[in-house]
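**Student:** Here's a structure for you.
The values are calculated or read from the model by the stated rules, or taken from the named source; none is laboratory data. Computed from a predicted model, the values in this text were never measured in an experiment. Cβ: placed from backbone, ideal geometry, glycine included. Neighbour counts: every protein chain shown.
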């Protein structure tokens, strides 16, 4: 079956622009996670949704970052007024249950802010 | 922080040899997961070991967990060139939704 998909795969934004990154999780997966991965580092947790509820957003680095999952399936990670330090790969993952289950990752969106 | 720390940072071996990677963490966990990441397939789940388990096998992979030492190891036997990738451990803290990844071990398997 289809895995987690993300779009766009690559995004170049000028500093100050707003961007929106999309994640399509595996159908029926309850949990959805966003991670940020800088070059040479492991993924860092940003936020977690259980269905449409955002239960944890402790990893969002600033109030310029906003994520939503209004119908409990597709999710969008929005970054307002992008800065150079936002350049990274943004990974989305989904999981079939709420805790202690493997996460299935999408290919990521590579964001470059110039 | 529950972040896992992998050791060594880089490992280079000949095809057919075994590769061992270690992970240490700081606080109590529900489970610990290992993931692999390469440019071709992105981040892929390898194995999950729960806090009440000591050892788990999956094909050529063997994972151990020692909760008293707060450490885990991943052994890849009879390595192949296709095993070349970065390997991450991700402890899941008790009651936490988060996986916290370390910087990973970069494994190179030379044909």
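**Student:** Just to check your reading of the model, which residue among B:3, B:37 is within 14 Å of the chain's Cα centre (by Cα) and assigned to a loop (DSSP other than H, G, I, E, B)?
**Tutor:** Working: B:37 fails: assigned to a loop (DSSP other than H, G, I, E, B).
Checking each option against the conditions leaves just B:3.
**Student:** Please indicate, with yes or no, whether at least one residue in the range A:13-26 is under 18 Å from residue A:89 (Cα atoms), within 11 Å of chain B (Cβ to nearest Cβ), more than 11 Å from the chain's Cα centre (by Cα) and surrounded by 16 or more Cβ atoms within 10 Å (Cβ to Cβ).
**Tutor:** no
**Student:** Quick test for you: out of A:60, A:32, pick the one residue that is surrounded by fewer than 20 Cβ atoms within 10 Å (Cβ to Cβ) and under 26 Å from residue B:103 (Cα atoms).
**Tutor:** Values: A:32 fails: surrounded by fewer than 20 Cβ atoms within 10 Å (Cβ to Cβ).
Only one candidate qualifies: A:60.
The rows are residues; the columns are (1) farther than 27 Å from residue A:36 by Cα; (2) modelled with pLDDT under 95.
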position: B:60; (1), (2): yes, no
position: B:73; (1), (2): no, no
position: B:96; (1), (2): no, yes
position: B:107; (1), (2): no, no
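**Student:** Hey, another quick one. So residue B:9 clears everything in (1) under 20 Å from residue B:109 (Cβ atoms); (2) touching a residue at least 60 places away in the same chain (Cβ under 8 Å); (3) in contact with a strand residue (DSSP E or B) (Cβ under 6 Å, 6 or more places away or on another chain) except one condition, right? Which one?
**Tutor:** Answer for residue B:9: the failing condition is (3).
**Student:** Mind counting the residues in the range B:46-59 that are within 12 Å of chain A (Cβ to nearest Cβ), over 15 Å from residue A:104 (Cα atoms) and assigned to a strand (DSSP E or B)?
**Tutor:** The qualifying residues number 3.
**Student:** Something else: Of everything in the range A:81-104, what is away from every other protein chain (no Cβ under 14 Å) and either in contact with a helix residue (DSSP H, G or I) (Cβ under 6 Å, 6 or more places away or on another chain) or crowded, with 16+ Cβ neighbours inside 10 Å (or both)? Give them in sequence order. Lay out the reasoning, then the answer.
**Tutor:** Initially, the range A:81-104 is screened for residues away from every other protein chain (no Cβ under 14 Å), giving A:81-87.
Hits for the range A:81-104 are A:82, A:86, A:87.
**Student:** Would you be able to tell me the number of residues in the range B:36-45 that are buried (at least 19 other Cβ atoms within 10 Å of the Cβ) and more than 9 Å from chain A (Cβ to nearest Cβ)?
**Tutor:** Summing the residues that are buried (at least 19 other Cβ atoms within 10 Å of the Cβ) and more than 9 Å from chain A (Cβ to nearest Cβ) in the range B:36-45 gives 1.
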